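**Student:** This is the structure I have questions about; it appears just below.
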Amino acid sequence: MSNAILTRMGVGFAGAVSRPQDLTTEPAVLKSDANSAFGAYGLAGKYDGVFFVPLSAGDTADKIQGMFVRPYPTQSVPDKAYLLGKGVGYTGDILKRGYMTVNVGSDATAITKGAPVYIRNANPSTESPLGAVLAAEENTGTADAPVINTVVMPYAFFTGNGDADGNVEISYKI
């Protein structure tokens, strides 16, 4: 018998809870308008009144109230917001404590256990919106005039290396 597994299994899906036995989630009301809807699962968010919304440019780490959880089964967030229409609230879940798979947008195989989790709070892109998880601090400035686009997420750490697609597990408030 010459069967061999030459690649590792994927870590998971962005926004999915990875260890359901160690978890605290809370239900939340989300906004469906284009400026306040989450573009993906696994992003950090904050409260805007009674609504849980994505971070805004310039938000500090103390604004982060949790991570947007991917429900199962699901459809994409933009599809749900489009179907409901502008200004309508819909429900979702916030990870308040536990383990979650996130996507850092690039190869995550070099991430080490215990490394801090960085959250984008400036200069978003389609691939890395505000609230996205990054594996390292991002500086788009120079050594003399740094422009830091990330904050360290309090009480969050990577639990080990991820996969080549950028999926990796984090622990939050554990």
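**Student:** Have a look at Arg120, Arg19, Arg97 and tell me which one the Gaussian network model of the chain (Cα, springs below 10 Å) gives the largest fluctuation.
**Tutor:** With Cα springs under 10 Å in the chain, the top fluctuation among Arg120, Arg19, Arg97 is at Arg19.
**Student:** Now for a different question. With a 10 Å cut-off between alpha carbons and a GNM built on the chain, which of Asp59, Asp93, Asp48 moves the most?
**Tutor:** Largest GNM mean-square fluctuation: Asp48.
**Student:** Based on the Cα atoms of the chain, what semi-axes does the equivalent ellipsoid have, where each is the square root of 5 times one gyration tensor eigenvalue, given in whole Å with the largest first?
**Tutor:** Semi-axes from the Cα gyration tensor: 25, 22, 15 Å.
**Student:** Same structure, new question: For the range 91-174, which whole-number percentage of the solvent-accessible area (1.4 Å probe, protein heavy atoms only) is attributable to carbon and sulfur atoms?
**Tutor:** 51 percent
**Student:** Lys pairs in the chain, Cα-Cα under 29 Å, at least 8 apart or on separate chains: how many?
**Tutor:** Lysine pairs, 8 or more places apart or on different chains, close enough: 22.
**Student:** Under 10 Å, Cα contacts only: if you run a Gaussian network model on the chain, which one of Ala143, Ala108, Ala135 comes out with the highest mean-square fluctuation?
**Tutor:** Ala143
**Student:** Which percentage, to the nearest 5, of the DSSP beta bridges contained in the chain is antiparallel? It would help to have the intermediate numbers written out before the result.
**Tutor:** Values: 33 of 35 bridges.
The antiparallel proportion sits near 95 percent.
**Student:** Report, by chain and number, residues whose modeled amide H sits under 5 Å from the one on Val11, excluding near sequence neighbours (fewer than 5 apart, same chain).
**Tutor:** HN-HN under 5 Å from Val11: Asp163.
**Student:** Additional query: With a sphere of radius 15 Å drawn around the Cβ of Met153, what net charge do the other residues whose Cβ falls strictly inside it have (Lys, Arg +1; Asp, Glu -1)?
**Tutor:** Result for the neighbourhood of Met153: +1.
The values are calculated or read from the model by the stated rules, or taken from the named source; none is laboratory data. In this text, all values refer to a predicted model and were calculated from it rather than measured experimentally. Cβ coordinates were reconstructed from backbone atoms using ideal geometry, including for glycine residues, and neighbour counts include every protein chain displayed. Note: accessible area is taken over every heavy atom of the protein model, side chains too, but ligands, DNA and RNA are not part of it. Shrake-Rupley method; radii C 1.70, N 1.55, O 1.52, S 1.80 Å.
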